[in-house]
Structure formats: C-alpha cells, structure tokens
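Presented below is the structure to which this report refers.
Computed from the coordinates by the stated procedures, all read-outs in this text should not be read as laboratory data. The structure displayed is predicted, hence computed values, not measured ones. As a convention, Cβ positions derive from the backbone with ideal geometry for all residues, glycine included, and neighbour counts pool all protein chains shown.
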C-alpha cells in the first residue's frame, strides 16, 4: 500500500515538474520545505485558538510544548535534509531540546505540578535567548571539535532553543538577559523568523564545515 502511494506521489511530482522549466522546478522544490514549516506554525497557532474549557490552560501548555518539538524537528529536517540515520537522530534531539526548555518552569516553581509551573510571574532562566550565545560556543569548542558524533550539536541546540524562543516571542518578546526584553514580535515577523532560522543555520553550518575538517581520529585540521 505504501509503495503504491509513494509511487503515485512521485509520478504526480514528475508530471508537474515536466510542466515547468527545470531551473524553476528546482527553485520551487527548494522553497517548499520553508513554506511547509510556515504552514505548520500557522496550523498549530490556529489549533491553540480553538482550545477552550476548564482544562484549556493545561491542554494548551502540553500541546504548545509538543508544537515546539515538532517545529524544531521539521526545522532540522530542512537544515540537514535527513539523508542518514544520524541526521534523523539529530532531528529528534533537536525536537527534544526544544521541548526540554520548558522544564525550567518546574525548576523555577520548585514544584512538579503543572499548575504551579504555569503561574510564574517571570520567565525562567532557559527562556533567555542569551543562553544561545553562551552555550553554543562552548559546545562548538569543547564537544563538537573533539567528537564527530556531536559535531551537529551546536547547530541542533541553536535551532531547538531559538525556534522555541521565537514562538514564545510572539506573545512576550525575546528576552536578552541582562539587557531586557523586546516588545512582542508581530505575527508575520515571528513566522518569517521561524522560516528563516533553518536557512541561516544551514548556510552557517555549510560554511563552517568547509573550513574545519574533523576526521575519525578526532584531530582537527584546517584547510
């Protein structure tokens, strides 16, 4: 059944691509993942607006956390295009990182109860975007350059944390400790930033990979 469906999809894609010049088709295929990511964000936001009832805050919190993970995963799929099992593992890790950020609510509340975690007056420590500028260089220097398996960790951390903060920033702005917070991001800016994030990380990763070669014996060589 799956083979039939996949074959049908490929047939339709080839039929559509034959209707356009190859260069145009290539550009469209490059843009599609970013459009899909934007649609995923919009879809989740539309769903949250429909959540009502007595348990809406709790259902919304759980669903919002899941959305953080899914959006981070799809963002990483754009960065690496998922050619290998390692890429898939990195994508899952990126989603886990995006979800794990909300654990600081429980740490700040000093409670395992969701009700207490949702009643914080201030944002907890992992919700400052400053953490990206502190942790990523440390990961790059101490881990990524000495372990091939962790080479993508700085980038997956960046995607997971930043995508989480951008989604929250639509409601509360971005918090740059110790400078303060920005105003809430307009909706279209939030969507554009989410869509642009994997492109920026992908290009940055590609440029750095051209400069630094990490062989299997973990010796760092420069071209």
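Among 164, 87, 127, a tally of other beta-carbon atoms within 10 Å of each Cβ gives an order, fewest to most, of 87, 127, 164. R0 = 35 Å: FRET efficiency of residue 182 with residue 58, Cβ-based, nearest 0.05? With R0 = 35 Å, the Cβ-Cβ based efficiency is 0.80. If the Kirkwood radius is taken over C-alpha pairs of region 34-211, then at 37 °C and 0.692 mPa s the Stokes-Einstein diffusion coefficient equals 194 µm²/s.
In a fully extended conformation the segment linking residue 172 and residue 150 would gain 4.7 nm over its present Cα-Cα distance, using 0.36 nm per residue.
Size of region 63-120 from its Cα atoms: along the principal axes, largest to smallest, the extents are 42, 16, 12 Å.
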